[in-house]
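Working notes, structure below.
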Amino acid sequence: MNEPIGRLNLVRQRIKKACIAAGRQTCEVSLLAVSKWHPAEKIRDLHKLGVCSFGENHVQEALQKQRELASLDVQWHFIGNLQSNKTRAIAENFQWVQSVDRKKILQRLSAQRPDSMEPLNICLQVNIDLEPQKAGARPEEILQLAELASGLGNIRFRGLMAIPMNTSDPRQQHDSFRKVKALFDTLKTVGYDIDTLSMGMSSDLEIAISEGSTMVRIGTDLFGDRES
Ligand SMILES: *Cc1c(COP(=O)(O)O)cnc(C)c1O
């Protein structure tokens, strides 16, 4: 099972099965291929098989791959920790940023997004299990950040992203994802026009889909173990 097509088919089948089990349509859940640490050639292979969205978490590494793959029509998602001194490169070279967790970063991304480009798609990252070592805004900060995001000219607020605590206890996993979904629903109820709930990775995509994920971010199960 080393071939890209075999891995991709397995992941697609898992998504489909999870959707059926949850009574959802397969087209409600999109696939983000997390290509961090993997070479541009592997992205090219998956792109040939119809995958168009790729996630990266280091700016320099991503820019290098973007140069190598400039001829491909790819949607690039930034999913890593955001430092202020990297926001310009991100605003100029990505279509999405899923890891926004503070006001200053939002303001910089909007100010630095070139007016000639489409608005930058943004998800707010929420630290749903309040883990001290983890990035993400606290749940109670999300409403305020949402208000700011939706008022900025070069930003399009799309939804939430979360990385729940690392546990193999399915009940805990369900609880975490359910909390993110509840926050997402609250935002919709108060009037935000959002469509993206980015949660679920290689090991927990089924549980995330059962709790309402609309985008799963898959690295290991698409590309194999990350090379260092
Ligand atoms: C690395 C990473 C993933 C992919 O994780 P896998 O377990 O390899 O599928 C998803 N989301 C984020 C934010 C990541 O950094």
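Read-outs throughout are calculated quantities, based only on the coordinates presented, and are distinct from any laboratory measurement. For clarity, every value in this text was computed on a predicted model and none was experimentally measured. Neighbour counts are summed over all protein chains in view; Cβ atoms, including those assigned to glycine, are modelled from backbone coordinates with ideal geometry.
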query: Taking the Cα centre of the chain as the origin, how large is its charge dipole in debye, to the nearest 20, when only Lys and Arg (+1) and Asp and Glu (-1) carry charge on their Cβ atoms?
result: 120
statement: The rounded separation in angstrom of the Cα centers of region 21-77 and region 163-228 is 18
task: Would you mind ranking Thr186, Thr214 by Cβ crowding within 10 Å, fewest neighbours first?
output: Thr186, Thr214
- prompt: Given charges of +1 on the Cβ of Lys and Arg and -1 on the Cβ of Asp and Glu, with all other atoms neutral, how large is the dipole of region 101-228 about its Cα centre, in debye to the nearest 20?
  reply: 440
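Under the √(5λ) rule applied to the eigenvalues of the Cα gyration tensor, what semi-axes describe the equivalent ellipsoid of region 49-119? Give them in Å, descending.
21, 13, 11
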- prompt: Which three extents, in whole angstrom, do the alpha-carbon atoms of region 4-223 cover along their principal axes, largest first?
  reply: 42, 41, 31
